[in-house]
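Peer 1: Have a look at this one.
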Amino acid sequence: MYYNEIKSLKHSDKSTVDLVQEKDSGRIFIRKILKGQHPIYSILQECKHPCLPDLYEVAVTDDCTIIFEEYIEGDMAGSEELSEKQFLSVAKDLCSVLEYLHGKGIIHRDIKPSNIILARDGHIRLIDFDAARMPKDDLEQDTRLLGTRGYAPPEQYGFAQTDERTDIYSMGVTLGQLMGDKVFRPRYKRIIRKCTDLDPDKRYQSVCQVRNAFFHVKRRVLYAAAAMLAGIVAVCGLSWYQSEFHGDMKSGTSELTMLPAPENPHWDVETGIALWGHVEDSGMQEDEEEYAWRVYYREDMSAPPEPDDSGWISEGGMRGNRAVQSESFFRMNIGGLFSENGFYYFAVSAEGDGIHYTDSPYVVSDAFEYTGEDAPFLPIPTGLSWRMYEDSEGEGRLYYATWDNLDDYEDTDCFNVTVYDKAGNYIMNNIWDAKYIKKVGYNGIRVRPEFLAESDNAYRFTVEVYSSRPNEYRSVVVPDPVPEEAFSPWLYR
């Protein structure tokens, strides 16, 4: 190819990347000169996928690899905030191209926002395969430790050979960054959390599973509609689903079993706590069950909501440890959402794993009459501090977020501890009631060490109190943005 250099895009000891223009046609290309041999680009030259740039020329010599690559007009992912629709489009494209590459035996190993171009046609292009490799059967770990710090999982640093799950981890970190603090559906964070588990065996085992987890819920909506509509309308709805989405999902997706809806959702009238029947097969982990919930407000009881009514005032997700949630009903205190006198309803759905089970339909509770709009507040938690204990059973150090006035509350009052890092990023939150804290919590709520593992970082927490006597005492909710006086001291790592 005869060309003129337009400008240099990158120059380092390992690579040179330039924007060039072909003399005859005037077309623009990316020219990459990589130090050493990168035969993966010769394989990629034969790979054709809408989310991959075309490779026009690849030359591998003894000393270097030269690539002439399609120039993609667009912005790097992360350069602008994404709407929920845009976020899902990126997730869908990323799943599609990684599924294609993994089917060819190619592991990218450097998924990050700067390697994803948001092209003008509305789709992504995945670029920069300098760290890519193909797994080998006779290796226990990689011989070349490449990747980007913060996006690469532990096995990419010599602990094991990388495989599909390596890209799944990096994809999870990337999607988490692209989602940011925007209020998207709670299940997206649940999916990302599973993608980024430090243990590869606990992640999704294929990109197909990730894709199913993100997009299988469309089926639940149509099934819910089919339950309400009659005959030919329901059939047409299902046919529309198959023709519209079948190209994006493998045939096995339709075999997912819908979870049963939680039984008997109702309020404990004495405490204002939401209760519903356990769905044993819900959740991602064997020891946990998971649900999605919505809360509705009505000034009077004349118009209870439909299960999929869009008029809810808040929604979220809730995970519970099966060993802790051992009573007849799953319990959740959402008293912090009560603000104006009137009637509150909640709707709940059992969350599937996206692999074997899809989510259940939402079911709606009875009404709770709230009259505590002018009631006094519960005491504010005081003396916030971190406490560390050495575990005698081999778990190492145990960290607890504590406060010094726990005796000021009823056993059924609940506490929500939220942890932030020194950059102000949300890390995690956990909700325990006072009775459980007194039993196992060293007067506080445990924060698992993996959430505090990043070196050269610092962590602090806030505490909210959710009243179990909402008509007598109001909950203590932390304002947004969080004032400095609501934070604990720092825990330095």
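Peer 1: Please tell me if Val364 is among the hydrophobic types (A, V, I, L, M, F, W, C) and not assigned by TED's automatic domain parsing to the domain that holds Val279.
Peer 2: Answer is no for this residue.
Peer 1: With within 30 Å of Arg187 (Cβ to Cβ), crowded, with 17+ Cβ neighbours inside 10 Å and touching a Lys or Arg at 6+ places or on another chain (Cβ under 7 Å) as the only criterion, which of Ile124, Ile111, Ile106, Ile117 stands out?
Peer 2: Selected residue: Ile117, the only one of Ile124, Ile111, Ile106, Ile117 that is within 30 Å of Arg187 (Cβ to Cβ), crowded, with 17+ Cβ neighbours inside 10 Å and touching a Lys or Arg at 6+ places or on another chain (Cβ under 7 Å).
Peer 1: When only residues in the stretch 331-352 that are out of contact with any Pro (no Cβ under 9 Å at 6 or more places or on another chain) and part of a strand (DSSP E or B) count, which is surrounded by the fewest Cβ atoms within 10 Å (Cβ to Cβ)?
Peer 2: Across the stretch 331-352, the extreme among qualifying residues is Gly342.
Peer 1: Mind checking which residues of the stretch 397-411 are out of contact with any helix residue (DSSP H, G or I) (no Cβ under 7 Å at 6 or more places or on another chain) and either under 30 Å from Asp268 (Cα atoms) or loosely packed, with under 15 Cβ neighbours inside 10 Å (or both)?
Peer 2: Answer for the stretch 397-411, where residues must be out of contact with any helix residue (DSSP H, G or I) (no Cβ under 7 Å at 6 or more places or on another chain) and either under 30 Å from Asp268 (Cα atoms) or loosely packed, with under 15 Cβ neighbours inside 10 Å (or both): Tyr400, Ala401, Thr402, Trp403, Asp404, Asn405, Asp407, Asp408.
Peer 1: Same structure again: Looking only at the stretch 437-466, count how many residues are surrounded by fewer than 18 Cβ atoms within 10 Å (Cβ to Cβ), of a type in the set (A, V, I, L, M) and over 23 Å from the mean Cα position of the chain (by Cα).
Peer 2: 1
Peer 1: Just wondering, is there one or more residues in the stretch 60-72 that are among the acidic types (Asp, Glu) and at pLDDT below 90?
Peer 2: Yes; the residues of the stretch 60-72 include at least one that is among the acidic types (Asp, Glu) and at pLDDT below 90.
Peer 1: Within the stretch 357-457, which strands (runs of 3 or more DSSP E) (wholly inside it) include 1 or more residues that are within 30 Å of Gly150 (Cα to Cα) and free of Cβ contacts under 8 Å to residues at least 40 places away in the same chain? Quick ask: steps written out before the conclusion?
Peer 2: Values: elements: 368-370, 385-390, 397-402, 414-421, 426-433, 444-447.
Correct list: 385-390, 414-421, 426-433.
The values are calculated or read from the model by the stated rules, or taken from the named source; none is laboratory data. Note that this is a predicted model, so its numbers are computed, not measured. Neighbour counts are summed over all protein chains in view; Cβ atoms, including those assigned to glycine, are modelled from backbone coordinates with ideal geometry.
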